[in-house]
Amino acid sequence: MKISYNWLKRYLKTDLSATAAGALLTGGGLEVESIEKYESVEGGLEGLFVGEVKTKEKHPDADKLSICTVDVGNSKILTIVCGASNVAAGQKVIVAVEGTRLYPSEGEPFVIKKSKIRGQASEGMICAEDEIGLGKSHEGILVLSPDALPGMPVKDYFKLEEDFVFEIGLTPNRADAASHTGVARDLMALINCEAKEDQRTALILPSVQAFVVGSNAMPIGVSVEDAIACPRYSGLTISGIKVQDSPDWLKTALKTIGLRPINNIVDVTNFVLHELGQPLHAFDAAKIKGGKVIVKKCPDKTKFVTLDGITRELSADDLMICNAEEPMCIAGVFGGMGSGVTEQTTSIFLESACFNPVSIRKSSRHHGLKTDASFRYERGSDPDITVYALKRAALLITEIAGGEVSSEITDIYPEPVLPFKVPFAFSNCKKLIGKDIDHEVIRTILTSLGIVIESEGNDTLLLAVPPRKVDVTRECDVVEEVLRIYGYNKVEIPKSLRASISYTPKPDKVKMQKLVSDLLSENGFQEILCNSLTKAAYYENNPGFSPDQSIALLNPLSSDLNVMRQSMLYSGLEVIAYNQNRKQNDLRLYEFGKTYLKSANGFHETMHLSVFMTGRKMPEGWNTNNSPADFFLLKSVVMNILSRLGIKVSSLAEIANDIFSSGLELSSAKKKIVEFGIVSKGVMKQVDASGDVLYADLNWDAILNLLSKKEIDYKEVPKFPTVRRDLALVLDKKVQFSEVEQLAFQYEKNYLKGVNLFDVFEGDKIGHDKKSYALSFMLQDEQATLTDKQIEKIMEKLMKAYEEKLGASIRH
C-alpha cells in the first residue's frame, strides 16, 4: 500500500521528516518497507534557474544561432549560444547551468557542459519545455512571466513540490489503516504518546459542512434484498456534471501513489477511497433502467460484461448491484461495461456501501479480480463512514465537475453495527506487557486511536471500540494496541526469566533439521524454500507419477499453481532453470519441505529433504579442473547425511522409473529412506533445464522415525591397531560393490571393520565382460593385536567366499 507523505500531512500537522515518520509507523506495526522520493517532473528541475536575457547578438558563423548574455542572479552573467528563433533581450527564461542533468520528455538524460559552438563559448543552455520534461513542445524556448526573479530556482517558480511515498506492508488485520486518514490516525497516536499534553496534535478530517441537497429532481430508489451480504447501502444522485480531465492537484495526488488519472468523476472516487478507505462507485444515472438500484444475487451462470470488456459467468454467491432489468456491477469488486461513466455522462448515482468481507472475498477469488475496492472490503470496511464519504465525494465532484446534488441521501442500514464493548483492566495490561505503563499514557493512546472510554473504575475501563477496528474485540487486543503505540522497544528485558519446564520429544525435529542444514551449508549448499503449489501438467506427463494422486485446488490462482506438489523434484528444477537462464550454472541446493498425495484413504502429507547438484564439482579457478559433479559425489553427500545422523544403510538397489535415468535407493531397517540419481532428460525438458542434474530425495519423516527407535551405544576407543590388507578381484561386470561388501561382512563378523573400493579396471586384458576391483579390508581385534596367522586365515576365508559365491578370480 502506497501512502503519500504530503497527502498524509493534510490530515495531521507535523514537522517530522519522512524518515522519522516512517520509523515511527514501523515501530507502531505499520511496516514501512521503503520510502521513495517522488518528483512530478523527473529530476525535480534541479540545476535550473530563472535567467534574464540581457543581450542578443547574431552568431558570426551560423545564421540560425544567437549569442546571448544571461543574468542568472547574484550578478552572475553567462554567455550562452542559443538556437531558438524566439529568444529576445529582456525575456525571463529557464537556464540550465553547467553540471545540470536534464531529463527530456523524449530521449535519454544528458549533462550540460561548457562547450564551444561554431567557435563561440557557451556556458549553459536556455531551455525549451520538452528539454526539461515539462511538456512536448520544441517550437522555441519557454518564456516566463516578466515578474520572475533572476536566480530563482525553477522548481520554486513552478511551485514544484517534492514528496515521499511510503510503501507499507499492510497486514490483513489492519483494515482501519488502509487509507491516508487511517495511517494519519496511527501516526497521531504515536506522536501524542511521546508529546506533552500542550504539544499533542489532532487528526484533521475534511469538513463536509458545506454539503447541501440542491433539489430532489432525480431520486433513484434503492432496495437491498440481502442485508447480510450488504449491511449498509448509501447513495445519492448528482446532475448537471461535465466529465473531463481532473485538475492538476487531483492528478498529482493520484500519480504520487501510482494511480492513473481517468476523468474527474472516477478520479474523485479513487481519491476518497485512498483518503478515507471507503470504496465508492459512480453509475451513469441515465443507464439505471427503471430508475431503481437493487442489491441482490443473480441466478447462477448469469452472463455479465465487466469494465474490462470481458464477459464473465456469475456465481449464485456473487452479490450484484442491479437495475430493474439487469446487473450493473459486481458489488465491491468491479463495475460493469453498461453502466460506467463516460464523456457523455451528465448525471450520476454515487454509491457508498458496506459489504460483508466473506461475500466480497468469494466473488474476488471466483472471478480472479483484485481491485483497490476488494482489497479493503475483504479486510472489513467501516460501516460508520459511508454517508460521510458520500458527502465528501459529492462536494469534490460538484467543485470540479459542476452540477448539484439532485436527491436526498438514501441510507439503508437496518441493523446498525455497534461499537465493540470491551472491559479493560490496567492490572491485566501490566501482566501481559510485563511493564506498568502510566495509566494516563494508556488513556492517551486509547483516545488517540478513537477508542472511547465509556466508564472507569479503580482498575478497570469500559471501552467502546469503533467498528473500523475489526481486529480489536477482546481485552488482549486492546493491550496489543497499547503496546504497539507505546513501543515494544520500551519494554525492558528483565534481569531474570521464568519459564516452565517443557518436554521435547526425541528426536528433536528442529534440532535434527538444523544439524543437517549446517552440514550441507558448510559444504557449499544453499537452502531454498519453494512454493508447495505447482502445475498439474508435471504429473500428467510423467509416468513416474500418478495424476490421480494430485490434490487439486478449488480456486487456483493460475494454471501454474493448481495442485499441491507430489514431489520436491519439480520445484527444485524450476529454481535451477531460473538460475541457468541467468548464467548461474554451478548449483548446490537443498530444501526441507512437504509433499502431498491423495489416495482412497484420504490425504497424505510427508516431510522430505531434497538435494540438487548441477554444474562443476569445484568453483572455477586456475588450480581446479572443470570436471562436472557426478553420481558418486551426490552419493557421498547422501552417505555423509546419514552418517551424521547415525543411520546405517542395510540394503541398496537400483531404481527403475521415469524420474531417474540411473539411480539407487537406500533402505535401513527394511524401510526405504533415500532415492537418488541423475534426473532423466524427459523430466528436464518439462522445466526447460539443461545439463545433468543430480537429485536426492530423503524421506525425512521415515528418517526421524528411525532415529526415534535408535539407542545410543558407547564403546571405548580400541587400544589395538587396525590392519589393512588389499585384494584384487576379477568379477563379472554385473556384480556390484555392495554385493562384495555384504559378502565380506557375512563371512567375517568379528574382525572386519570396513571394506573400501579404491580402484576399478576394465579392458581387453581381463575380458570385455569382466572388471577388476581393487579392495582394501580394515581388520581389528579390540581385545588384542592381530597376528599374521590370524590375518592370513581371514583373507583366505574371504578369497574362498568370493571365488565360490561370486565366481571371482584373484589377481596377483
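Any read-out appearing in this document is the output of simple, stated calculations on the displayed coordinates, not a laboratory observation. This structure is a prediction, so every number in the text was calculated from the model and none was measured. Cβ: placed from backbone, ideal geometry, glycine included. Neighbour counts: every protein chain shown.
At 222 nm, what value in deg cm²/dmol follows for the chain if DSSP H runs of at least 4 each add -39500 (n - 2.57) and the sum is divided by all its residues, to the nearest 500?
Per the formula, -8000 deg cm²/dmol.
Show me the ranking of peptides 376-389, 617-630, 58-71 by mean Cβ neighbours inside 10 Å, starting with the highest.
Peptide ranking by packing, descending: 376-389, 58-71, 617-630.
Based on Cα positions only, what radius of gyration and what Dmax would you give for the stretch 543-699, in angstroms?
Reported Rg and Dmax, both Å: 16.7, 57.
Less than 12 Å Cβ to Cβ from Asn216, Lys/Arg counted +1 and Asp/Glu -1: what total charge do the surrounding residues give?
Spelling it out: positives minus negatives among the neighbours equals -2.
I want the antiparallel fraction of DSSP beta bridges within the chain, as a percent rounded to 5.
95
With Cβ to Cβ distances under 9 Å as the rule, what net charge do the other residues near Gly340 carry (K, R +1; D, E -1)?
My count for the surroundings of Gly340 gives 0.
GluC sites (Glu not before Pro) within the stretch 130-183: which are DSSP loop residues with at most 11 other Cβ atoms inside 10 Å?
Sites meeting the loop and neighbour criteria: Glu139.
Could you tell me how far the Cα centroid of the stretch 231-264 sits from the Cα centroid of the stretch 586-639, in Å?
That distance is 55 Å.
Across the stretch 1-141, what fraction of all alpha-carbon pairs, as a whole percent, falls in each successive 5 Å bin from zero upward?
Result, from short to long distances: 2, 9, 15, 16, 14, 9, 8, 8, 7, 6, 4, 2, 1, 0 percent.
Under 1.5 on a/c is rounded, so check that first for the stretch 282-425, then, if it is not, pick prolate when a/b is larger than b/c and oblate when it is not; a ≥ b ≥ c are the square roots of the alpha carbon gyration tensor eigenvalues.
Since a/c reaches 1.5 but b/c is at least a/b, the shape of the stretch 282-425 is classed as oblate.
In nanometres, what is the gap between the two model label sites at Glu31 and Leu554, each 7 Å from Cα along Cα-to-Cβ?
Taking the simple label geometry, Glu31 and Leu554 are separated by 2.9 nm.
Just add up the charged neighbours of Pro619: K/R +1, D/E -1, any other residue whose Cβ is under 11 Å from the Cβ of Pro619.
+1
Can you compute 3J(HN,Hα) from phi for each residue in the stretch 647-660, using the Karplus curve 6.51 cos²θ - 1.76 cosθ + 1.60 with θ = phi - 60°, rounded to whole Hz and x for Gly and Pro?
My calculation for the stretch 647-660 gives 9, 9, 7, 9, 8, 9, 9, 6, 9, 10, 8, 8, 8, 10 Hz in order.
Please give the contour-minus-distance gain from His604 to Lys490: 0.36 nm per residue of separation, less the Cα-Cα distance, rounded to one decimal in nm.
36.4 nm
Taking Lys9 as the anchor, which lysines have their alpha carbon closer than 26 Å to its alpha carbon, excluding any fewer than eight residues away along the same chain?
In chain and number order, the partners are Lys37, Lys155, Lys159, Lys196, Lys251, Lys255, Lys391, Lys469.
By a straight-distance test (C-alpha under 13 Å), which aspartates and glutamates pair with Lys242 as possible cross-link partners, with residues fewer than eight away in the same chain excluded?
Excluding near neighbours in sequence, the set is Asp284, Glu343, Glu399, Glu404.
Test of understanding: express the Cα radius of gyration of the chain as a ratio to 2.2 N^0.38 Å, with N the residue count.
For the chain, the normalised Cα radius of gyration is 1.37.
Highest mean first, how do 245-251, 334-340, 508-514 rank when packing is the count of other Cβ atoms within 10 Å averaged over residues?
In descending order of packing, they fall as 334-340, 245-251, 508-514.
Taking the Cα atoms of the stretch 343-453, what is the range of coordinates along each of the three principal axes, in descending order and whole Å?
The Cα atoms of the stretch 343-453 stretch 63, 36, 28 Å along their principal axes.
Could you let me know the centre-to-centre spacing of the stretch 485-501 and the stretch 109-142, using Cα atoms, in angstrom?
Going from one Cα centre to the other spans 62 Å.
Between Gln244 and Glu326, what FRET efficiency follows from the Cβ-Cβ distance if R0 is 30 Å, with the result rounded to 0.05?
It comes to 0.60.
Does the stretch 136-225 come out rounded, prolate or oblate by the C-alpha gyration tensor, with a ≥ b ≥ c the root eigenvalues, rounded set by a/c under 1.5 and, if not, prolate when a/b is larger than b/c and oblate if not?
Oblate.
How do 709-720, 450-461 rank on mean C-beta neighbours within 10 Å, highest first?
Going by the mean number of other Cβ atoms within 10 Å, highest first, we get 450-461, 709-720.
I'd like the distance between the alpha-carbon centres of the stretch 458-482 and the stretch 355-381, rounded to an integer number of Å.
With the stretch 458-482 and the stretch 355-381 each reduced to a Cα centre, they are spaced 26 Å.
Indicate the gyration tensor shape class of the stretch 459-574 (rounded, prolate or oblate), computed on the Cα atoms with a ≥ b ≥ c the square roots of the eigenvalues: a/c under 1.5 is rounded; otherwise a/b larger than b/c is prolate and the rest oblate.
Verdict is oblate for the stretch 459-574.
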